[in-house]
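Contents: one structure, followed by commentary.
The values are calculated or read from the model by the stated rules, or taken from the named source; none is laboratory data. For clarity, every value in this text was computed on a predicted model and none was experimentally measured. Glycine also receives a Cβ, built like all others from the backbone with ideal geometry; neighbour counts cover every protein chain displayed.
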């Protein structure tokens, strides 16, 4: 919704002529309701529901085999769900064949028609709709200009680069004003550099045409950049759906936390407004409120949310967890990566005691403690260097507390 | 002991002329010389004789009949071959593989046996033919020749078209469907253009094979000169009766050169 409002406020200076002519409708462009699907014995989708708002771009993120492609094919009408509904602009299209749904699919292979030139590919949707020649030509001209392929209009698909082919594929679907655009791993076949470049281009293009779109990807970076919202799929069910900020910073499940970016995971118990992990106690009044006393929980936090310090003075907003020892220091390009072993077996320091007095782990003879991953930005890493064996105090700026169901059926 | 590499002797790739030479050397007695001998033999008494035997009424009729029957067999094979390939690669059903094998079976059957089987079915006393009245009999008419041609050459057309269907990306047809095309529009605008090459080569193969078809035609055509005698039989009759060798030459030359 946030993104939608942002788009609406931007639209003053943008050409919105490609938006479908139903701006006044409820605001939900596409809606998937309780979709389930099996292939033979294997369950592919289980009760998946989500909405795509007008002008919004939603990313379905999941590993291969998570069922994301199947959802896309079901929305497009290329696959039938076993149960559930697909609703496009308020109309139930579950039983309509693909050609009557008016959706645009951008296939991973682009699926351009090999015996047609660029302009014929783009004009195909209007041709089979028997639109007058003049209208067809004008539309094709405008779209070719929109995707900046003026020099290539007479070429055949095999004469174009991957990025150009993809732009043709997008223009081909925009020609008939689709209700929703569906992108099936749109950048899968491209090299890393083109991928980043093209994804910005498409983002800008979508802002311009304001057609609601659904992307499919397994690339988290892509998801964070392309999506107004991200839906994380795991093994056929929806784990979490929200803005990139929500899913990244407030993951609701362990899967989301670990699939989207790196995450450290510690098992503990919720007691008296803290998360107790071994002898360490992390103050978490707000985060533990929804758990009952003594309930088993998972503490999930990102490597960049860990703050460390050689004395007990952790920066403002950083909640003290425990002490630890630096085990490894790696430099990984843009940031520094540390492996730190946490001391979770010794008693917590009393306030007046010298902060690092009790650390006994990680002697050459004994390597104990729980390893976690910590990353620090380059300026910070340069300003204050750590080396293997340094004893540090460890705190967290941000973390999530999740219920620890050991059995999936308790979910 | 290490053998010296024979590729690239002073920058010259020995493998290239050697392989080309070997290929031509093997082809020579097997393919090239037999073809050449027909031409030499056919034109040994001069081009004039060659021409006159080519335009002899019987020969002209036989050639025409061959071409016409082959044309219809080709037309049918391409159309039905397309249809069968479409059905067999797009729909999965029980016994599909059995059908695919069955279609290719006629290539393994001696063509004379193929002709005989047609006789057993359509002949005057055949399984179906017996229910036809005297003047409805199709054996020993040009139709019989077309039937025999279809029977023998269908696997060729099918065999060329089917693999192209199989390897063609489904997403092209799916893209066309999502754009809004009906099945027929998709087939006409998207599928068919991609099959152009396969259709042309399938048609050429079928036609070439049908024009020269002998074994099955001899059984079903009746070989009636001026009525159902096709080009290959002119050659055969003339050579077996040995009345005039020259008569057989032209049609066979023609048959060779056209294919």
Filter result for residue A:157 (more than 11 Å from chain B (Cβ to nearest Cβ) and touching a helix residue (DSSP H, G or I) at 6+ places or on another chain (Cβ under 8 Å)): no
Any hit, the range B:107-119, residues being in contact with a helix residue (DSSP H, G or I) (Cβ under 9 Å, 6 or more places away or on another chain), within 14 Å of chain A (Cβ to nearest Cβ) and in a helix (DSSP H, G or I): no
Flag for residue B:201 being within 30 Å of residue A:127 (Cβ to Cβ), within 14 Å of chain A (Cβ to nearest Cβ) and part of a helix (DSSP H, G or I): no
Which numbered condition residue A:145 misses (of (1) touching a residue at least 24 places away in the same chain (Cβ under 8 Å); (2) assigned to a helix (DSSP H, G or I)): (1)
Filtered residues of the range B:172-187 (kept if surrounded by fewer than 17 Cβ atoms within 10 Å (Cβ to Cβ) and at the interface with chain A (Cβ under 10 Å from one of its Cβ atoms)): B:182, B:183
Selection count where residues are in contact with a helix residue (DSSP H, G or I) (Cβ under 6 Å, 6 or more places away or on another chain) and part of a helix (DSSP H, G or I), scope the range A:108-123: 5
Selection status of residue B:153, surrounded by 13 or more Cβ atoms within 10 Å (Cβ to Cβ), within 26 Å of residue A:74 (Cβ to Cβ) and either within 14 Å of chain A (Cβ to nearest Cβ) or modelled with pLDDT under 90 (or both): no
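With respect to residue A:75, determine if the residue is within 14 Å of chain B (Cβ to nearest Cβ), modelled with pLDDT of 90 or more and out of contact with any helix residue (DSSP H, G or I) (no Cβ under 7 Å at 6 or more places or on another chain).
Yes, satisfied.
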So residue A:126, is it under 28 Å from residue B:168 (Cβ atoms), touching a helix residue (DSSP H, G or I) at 6+ places or on another chain (Cβ under 6 Å), away from every other protein chain (no Cβ under 14 Å) and surrounded by 16 or more Cβ atoms within 10 Å (Cβ to Cβ): no
Residue in the range A:123-139 that is modelled with pLDDT of 90 or more and under 15 Å from residue A:181 (Cβ atoms) present: yes
Which numbered condition residue A:313 fails, given (1) closer than 23 Å to residue A:390 by Cα; (2) part of a strand (DSSP E or B): (2)
Helices (runs of 4 or more DSSP H) wholly inside the range A:152-256 that include at least 3 residues being touching a residue at least 24 places away in the same chain (Cβ under 8 Å) and under 20 Å from the mean Cα position of the chain (by Cα): A:192-209, A:220-226
Count of residues meeting criterion [more than 7 Å from chain B (Cβ to nearest Cβ), more than 22 Å from residue A:179 (Cα to Cα) and touching a residue at least 40 places away in the same chain (Cβ under 8 Å)] in the range A:98-122: 2
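Residue-wise test of (1) within 21 Å of residue A:377 (Cβ to Cβ); (2) at pLDDT 85 or above.
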{"site": "A:256", "(1), (2)": "no, yes"}
{"site": "A:265", "(1), (2)": "no, yes"}
{"site": "A:278", "(1), (2)": "no, no"}
{"site": "A:282", "(1), (2)": "no, yes"}
{"site": "A:289", "(1), (2)": "no, yes"}
{"site": "A:296", "(1), (2)": "no, yes"}
{"site": "A:302", "(1), (2)": "yes, yes"}
Options B:118, B:63: the member that is closer than 29 Å to residue B:132 by Cα and either surrounded by 14 or more Cβ atoms within 10 Å (Cβ to Cβ) or in the same structural domain as residue B:141 (by TED's automatic domain parsing) (or both): B:118
